[in-house]
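The values are calculated or read from the model by the stated rules, or taken from the named source; none is laboratory data. All of these numbers come straight from a predicted model, not from anything done at the bench. Note: ideal-geometry Cβ built from the backbone for every residue, glycine included; neighbour counts use all protein chains shown.
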Amino acid sequence: MDLLDVMHSTGTCRYYKQDPVDDEVLARVLDAARWAPSGGNRQPVSLVAIRERATKERLQALYLPFWDAYVAGIGEGKVRVGSRDSRILEAADHFALHLAEIPVLVCVCARLADVHPTDTDLGRLSIVGGASVYPAVQNVLLAARAAGLGSALTTLLCAVEPEVKRLLEIPDDVSTAAMLALGWPARPFPKKLNRRPLAEMAYSEKFGRPLGG
């Protein structure tokens, strides 16, 4: 597939077949993470692939309370969402209720001593450290799409990091950054993702000035 075609059709997959993902395909997809950029080439990311049903059931049990609270927040207007399409919420609910059935869950970890956030003194949420972590995540998502695998990225389980770290025996000096779902999609890949147009996000010289204007 052309790279742009991969990007344009890598949507969040919420419905998966039960067919297993073989070792060769999984290794090829996860290998993509190694080639992502990171500050100073310190490569802080590590990945834990989870296939055992009992472990996935425990992760689902940890996930559901946060998902339920998220849904409640949407209903109360406390959580901002990009779309009110009921099908999106229904699909995400299906995902949450069937998390343990997805063939592979991948816990994305990062050694925070190997990231260098430069925005910790700005009096706002620090986001720069993620620049050494999430490019690796995106590489995995794109490699999964190229291999014909569906994928989903969630960070809800980071709220219960201590429990996840105990369950997966993650060292004390390593933190959790995301959970990825991987499996063969039960529904076709999207032909067109719902994204805002370029004119609403890319500007020329100054914020808000039309690109090319």
In the range 10-20, is there at least one residue being at pLDDT 95 or above, crowded, with 16+ Cβ neighbours inside 10 Å and more than 24 Å from Pro188 (Cα to Cα)? no
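Arg34 - would you say it is modelled with pLDDT of 95 or more and not in a strand (DSSP E or B)? Outline the logic, then answer.
Working: modelled with pLDDT of 95 or more: yes; not in a strand (DSSP E or B): yes.
Here the answer is yes, as Arg34 does meet what is asked.
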For the range 51-76, the count of residues that are in contact (Cβ under 8 Å) with a residue 40 or more places away in the chain, assigned to a helix (DSSP H, G or I) and not acidic (Asp, Glu) equals 11
Look at Lys191 and say whether it is touching a residue at least 24 places away in the same chain (Cβ under 8 Å), exposed (fewer than 12 other Cβ atoms within 10 Å of the Cβ) and charged (D, E, K, R). yes
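Among the residues that make up the range 196-208, is at least one of them closer than 25 Å to Ala27 by Cα and either at pLDDT 95 or above or in a loop (DSSP other than H, G, I, E, B) (or both)?
no
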Mind listing whichever residues of the range 84-132 are of a type in the set (Ser, Thr, Tyr), out of contact with any helix residue (DSSP H, G or I) (no Cβ under 9 Å at 6 or more places or on another chain) and touching a residue at least 60 places away in the same chain (Cβ under 8 Å)? none
From the list Gly148, Gly130, Gly183, Gly212, which one is loosely packed, with under 11 Cβ neighbours inside 10 Å and either closer than 27 Å to Arg28 by Cβ or over 19 Å from the mean Cα position of the chain (by Cα) (or both)? Gly212
In the range 1-38, anything more than 25 Å from Lys192 (Cα to Cα) and of a type outside the set (A, V, I, L, M) is listed as Gln18, Asp19, Pro20, Asp22, Asp23, Glu24, Arg28, Asp31, Arg34, Trp35, Pro37, Ser38
